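Derivation of every value follows stated rules applied to the coordinates shown; laboratory data play no part. Since the model is a prediction, treat every value here as computed from it, not as a measurement. When we count neighbours, we look across all protein chains shown, and the Cβ atoms used for this are built from the backbone with ideal geometry, even at glycine.
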Amino acid sequence: MLERRLKRLRFVDQAAVVGDRRPYCVALLVPDFAALGAWAADKGLDPDDHEALVRHPTVLRRFQHDLDRLNGTLERHETLKAFALLTEPFTEANGLLTPTLKVRRKAVIIARHAAAVETLYAEGAHRHRWRRR
């Protein structure tokens, strides 16, 4: 349910929520680079440099703003405390989607992005702290 709500956000194409047996939930997000690129170009950023976009403070603030608003509509136990933006889309070809186009959460995505997930938890959600309104 939370992943579906995340994918409705303007700049989110794909989402995987991690939180099972963890102190809180975090999200791995693949931006909609077409929408994000148009917005970024208006801000003077290079829309084609995806690696730079997912790390740029202006982009991170944009995502944080949208996710703060989403968190404000969620129950406390559902709220996301941190996120990471990924440049690699989830596809069947790279093994991140099933043949029915469902996200392979535990087995593949978390393993593939283990360093990002561990960093989100190790930082204690201070880097991308989301406030509940």
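Using 0.36 nm per residue, how much length does the chain from A111 to A35 gain when fully extended, once their Cα-Cα distance is taken away?
Residue separation times 0.36 nm, minus the Cα-Cα distance, leaves 24.6 nm.
Which whole-number percent is the relative contact order of the chain (Cα, under 8 Å, 6+ apart)?
Once divided by the residue count of the chain, the mean separation gives 26 percent.
Count neighbours as other Cβ atoms within 10 Å of each site's Cβ, and list the GluC sites (Glu not before Pro) in the range 33-107 that are DSSP loop with at most 10 such neighbours.
Sites meeting the loop and neighbour criteria: E75.
Under the 0.36 nm per residue contour assumption, what length would be gained going from the current alpha-carbon distance of H77 and E123 to full extension?
14.6 nm
Are there any trypsin sites (Lys or Arg not before Pro) in the range 92-124 that are in a DSSP loop and have at most 15 other Cβ atoms within 10 Å? List them by number.
K102
Quick one: of the DSSP bridges fully inside the chain, what percent are antiparallel, nearest 5?
Percentage antiparallel, nearest 5: 60.
Within the range 1-79, which trypsin sites (Lys or Arg not before Pro) sit in a loop by DSSP and count at most 16 neighbouring Cβ atoms inside 10 Å?
Taking the range 1-79 and a limit of 16 other Cβ atoms within 10 Å, the loop trypsin sites (Lys or Arg not before Pro) found are R8, R10, R21, K43, R55.
Checking the a/c ratio against 1.5 first, then a/b against b/c, what shape does the Cα gyration tensor give for the range 2-122?
Oblate shape, in that a/c is at least 1.5 and b/c is the bigger or equal ratio.
Name the most mobile residue of H77, H65, H50, meaning the one with the largest mean-square fluctuation, in a Gaussian network model of the chain with Cα contacts below 10 Å.
Result: H77 has the largest fluctuation of those listed.
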